[in-house]
Amino acid sequence: MELKIFLDGQFVDKKDAKISIFDHGLLYGDGVFEGIRSYNRRVFRLKEHINRLYDGAEAIRLEIPISKQAFQDKVIETLKENKLDDAYIRVVVTRGVGDLGLDPRKCSCATIFIITDRIELYPEELYEKGLPITVAKTRRNHPSSLNPRIKSLNYLNNILGKIDAIDAGVEEAIMLSVDGYVAECTGDNIFIVEDGDVFTPPCDTGSLEGITQDAVIRIAEEKGMNVGFKKMKLEDVLGADECFLTGTAAEIIPVVQIDDQVIGTGFPGEITKQLRQDFSKLTKTDGVEY
Ligand code: PXG
């Protein structure tokens with residue numbers, strides 16, 4: 001069965017899902033998006049993703065022409081249309097069709113599309129052995145230039161970071177802020193564990209407010225751990241007992257090496273493993289059913 005895409009109010013076959021070359025999402029990366037997951041016919045943190053989408057849209061003064069509830073319903077409908085139990089969901093809202101100038105006022109109507117597809121998982125081996133990563137040469141956008149809370153369609157900063165990772169022969173790279181603090185990775189938030197305490201950099205160093213990051217903070221709190229936001233330098237990560245990354249696609253993935261430096265024992269740590277177990281339970285029981 002061909003994949004059905006929700007595009008501007010209707011379902012179309014994947015091969016027919018096309019947008020204009022005058023769409024400002026394409027011309028300028030002018031728009032917002034979300035990556036969401038469903039597990040066993042439950043959409044994980046759907047409301048939170050839709051809220052972040054609308055907050056980002058508001059921050060760039062992009063009016064989404066349907067209500068949040070209608071948007072959530074469309075996500076569910078798209079999943080049902082494609083009969084997917086476990087899915088990766090990509091939601092995109094662009095400024096829409098305009099002229100060749102930057103002026104967003106020339107775009108009269110936002111373009112909305114929703115893609116639901118099978119999820120491509122990282123190999124299990126990476127979770128068992130842990131991930132080697134690098135430090136990107138590219139610095140994270142300064143928050144005063146582009147607020148990291150906005151999950152915008154303009155991902156070139158992250159893609160340049162990803163190219164740095166590829167050049168180093170690894171999957172992910174730590175991105176530092178312009179003033180040298182650890183912000184996040186190219187598509188994941190970062191955590192460290194120090195003497196049993198769990199820390200992640202605050203959003204104002206240039207990281208996205210991750211939905212998986214938030215879920216992990218709550219799990220750690222419930223387990224009675226001391227957990228919180230802390231500005232950190234690369235040395236703090238290198239000297240940590242454990243390090244892991246969080247994101248919708250990766251979930252929680254241990255980091256065991258940064259360039260030629262081993263983190264902790266060089267194996268995934270106990271706290272990382274515990275958090276992974278609890279997160280896995282949460283994704284099986286929580287979420288909007290369909
Ligand atoms: N930081 C950035 C910059 C992200 O893009 C995360 C953190 C994790 O956030 P969530 O809310 O998912 O826990 C993301 C996630 C990819 C990819 O292919 C990743 C993301 C979006 C699209 C693709 O790795 N975003």
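Every number here is computed from the coordinates shown, using simple stated rules; none is lab data. Remember, predicted model here, so these are calculated numbers, not experimental data. For neighbour counting, all protein chains shown are included, and Cβ atoms are generated from backbone atoms with ideal geometry for every residue, glycine included.
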Original post:
Where does the charge balance sit around Arg95 when Lys and Arg score +1, Asp and Glu -1, over other residues with C-beta under 13 Å from its C-beta?
Top reply: -2
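Using the Kirkwood radius over C-alpha pairs as Rh, can you work out the diffusion coefficient of the chain via Stokes-Einstein at 4 °C, viscosity 1.567 mPa s, in µm² per second?
Numbers: Rh = 19.8 Å.
So the translational diffusion coefficient is about 65 µm²/s.
Taking a cut-off of 15 Å, what percent of all Cα-Cα pairs in segment 64-112 are separated by more than that?
Counting pairs separated by more than 15 Å, the tail of P(r) holds 56 percent.
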Original post:
Excluding Ile263 itself, what net charge comes from residues whose Cβ is under 10 Å from its Cβ, given Lys and Arg +1 and Asp and Glu -1?
Top reply: -2
Original post:
Let a ≥ b ≥ c be the square roots of the eigenvalues of the Cα gyration tensor of segment 3-58; is it rounded (a/c under 1.5), or, if not, prolate (a/b larger than b/c) or oblate?
Top reply: oblate
Original post:
For the chain, which longest stretch is free of loop sites, where a loop site is one of the GluC sites (Glu not before Pro) that DSSP puts outside H, G, I, E and B and that has at most 12 other Cβ atoms within 10 Å?
Top reply: 121-290
Original post:
Once every DSSP H run of n ≥ 4 in the chain is given -39500 (n - 2.57) and the sum is divided by its residues, what mean residue ellipticity at 222 nm do you get, rounded to the nearest 500 deg cm²/dmol?
Top reply: -8500 deg cm²/dmol
**OP:** Wrap a convex hull around the Cα atoms of segment 161-269, take a quarter of its surface area, and give that in square nanometres.
**Re:** 6.4
Subject >> Lys/Arg +1, Asp/Glu -1 at C-beta; segment 151-275 dipole; positive extreme among Gly224, Leu208, Tyr181 >> reply: Leu208
Original post:
How far is helix 68-81 tilted, in degrees, relative to the longest principal axis of the Cα atoms in the chain, given as a value from 0 to 90 rounded to the nearest 10?
Top reply: 90
Original post:
When the dipole is taken about the Cα centre of the chain, and only Lys, Arg (+1) and Asp, Glu (-1) are charged at their Cβ, what size is it in debye, to the nearest 20?
Top reply: 940
Original post:
Share of Cα-Cα pairs in segment 111-235 beyond 24 Å, in percent?
Top reply: 33
**OP:** Give a quick list of trypsin sites (Lys or Arg not before Pro) in segment 1-92 that DSSP marks as loop, anything other than H, G, I, E or B, with at most 16 other Cβ atoms within 10 Å.
**Re:** Lys18, Arg41, Arg61, Lys83
Subject >> Farthest toward positive dipole pole in the chain [+1 Lys/Arg, -1 Asp/Glu at C-beta], among Gln10, Val92, Ile150 >> reply: Gln10
Original post:
What is the projected area of the convex hull of the Cα atoms of segment 75-150, averaged over all directions, in nm²?
Top reply: 9.2
Original post:
Using the Kirkwood radius built from alpha carbon pairs, what does the Stokes-Einstein equation give as D for segment 4-117 at 10 °C and 1.306 mPa s, in µm² per second?
Top reply: 111
**OP:** Return an integer: the convex hull volume of the alpha-carbon atoms of segment 161-223, in Å³ per residue.
**Re:** 102
Subject >> Under 12 Å, Cβ to Cβ, from Tyr39 - net charge with Lys/Arg +1 and Asp/Glu -1 >> reply: +1
